[in-house]
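Asks: Below you'll find the structure I mean.
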Amino acid sequence: MRRHAVLFSTVFALLLALCVGSPPVRAQGAASADTRIERLFERLARTENATEARGVAMLIQRRWMESGSPTADLLMRRAQDAMGDREPALAIELIDRILAIEPGWAEAWNRRAIAFTMLDDPVSAIADIYRVVSLEPRHFAAWAGLGTLLMQAGDETGALRSFERALAVHPHLPRIDTIVNRLRRDVDGVEL
């Protein structure tokens, strides 16, 4: 378990170094070229309450699900169905086909990371999350997913940093505040 924590911590440090302060890489998909998503991120950062933030986040996620390719979008719907049917191996096969068509589609990498997580393959999931945040450093769901994987591996420091990245983009991300507060106490200790 400790070996995995060291591996995950190293991977997290690389992710953070690559993504801090860097603008999102412009992918081939329609969502990256869409200035509306930029406005949605600005709005998400300014939201005052969780209800509004949830609505804005859903709009962002809806944009992320648009690849710009009808074929890729159809394959993604089938991959989502496969995951819903608890068939992650089939989902991965479908997403592999999507990535051959749209390698710059961050959400395809994210969905494949989720499928790898369902298969209990955290190393592959983390590798895909690397691709997600390289393409879209503001992908709060990917950062939260990475935090969860790092927490499971026992890397509380890496998990804390990852969850903080998620909250920096989506300040009202459900349940993450509680996890971050607990991790801060565990990592930084309690003042006496």
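Computed from the coordinates by the stated procedures, all read-outs in this text should not be read as laboratory data. All values reported here derive from a predicted model rather than from experimental measurement. We place every Cβ from the backbone using ideal geometry, glycine too, and count neighbours over all the protein chains shown.
Asks: How do Met58, Met65, Met76 rank when sorted from fewest to most other Cβ atoms within 10 Å of their own Cβ?
Replies: Met58, Met65, Met76
Asks: With a ≥ b ≥ c the root eigenvalues of the C-alpha gyration tensor of region 63-192, is it rounded (a/c under 1.5), prolate (a/b larger than b/c) or oblate?
Replies: On the way: a/c = 2.63, a/b = 2.00, b/c = 1.32.
Prolate, since a/c reaches 1.5 and a/b exceeds b/c.
Asks: Take the alpha-carbon centre of region 174-190, take the same for region 42-85, and report the distance between them in whole Å.
Replies: That distance is 27 Å.
Asks: Still on this structure, please answer the following. Treat the count of other C-beta atoms within 10 Å as a stand-in for reagent exposure and order His139, His170 from fewest to most.
Replies: His170, His139
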